[in-house]
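Student: Structure in structure tokens, see below.
The values are calculated or read from the model by the stated rules, or taken from the named source; none is laboratory data. Only a predicted model underlies this, so the values are computations on that prediction, with no experimental measurement involved. Remember, those area values only see protein heavy atoms, side chains included, never the ligands or the DNA or RNA. Shrake-Rupley method; radii C 1.70, N 1.55, O 1.52, S 1.80 Å.
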Amino acid sequence: MKQCTHADALPHPEPEPLTATCPQCLADGTHPVQLRLCLTCGHVGCCDSSQGRHATGHHETSGHPVMRTFEPGEDWRWCFVDHVLV
């Protein structure tokens, strides 16, 4: 089973969210479907089901590997690099 090779390098405690929602969606006038929190810097972006796919875009431009859901009642994490749940 494939494992994440980046989880051990994440900051503790995890970063505070920089915003309460996806700032790119706000700027574009679109609605974020689900929010994701970058566990390296605290960037909040929308998921791939959203029009902008801003969480993935943040990973692609920053190289930050792991995000977690920013939805109430959920607690899973995803590694973009290793393509696995953390």
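Student: Run the accessible area of the chain with a 1.4 Å probe and give the carbon-and-sulfur part as a rounded percent.
Tutor: C and S fraction of accessible area: 54 percent.
Student: Looking at the P(r) of the chain, how many percent of alpha-carbon pairs lie beyond 21 Å?
Tutor: Above the 21 Å cut-off, the chain has 23 percent of its Cα pairs.
Student: In addition: Under 5 Å between amide hydrogens, which residues at least 5 positions from residue 50 or on another chain qualify, with H placed 1.01 Å from N in the peptide plane?
Tutor: 33, 34
Student: A further question follows. At a threshold of 8 angstrom on Cα-Cα distance, excluding pairs fewer than six apart, so keeping six or more, what relative contact order does the chain reach in percent?
Tutor: 28
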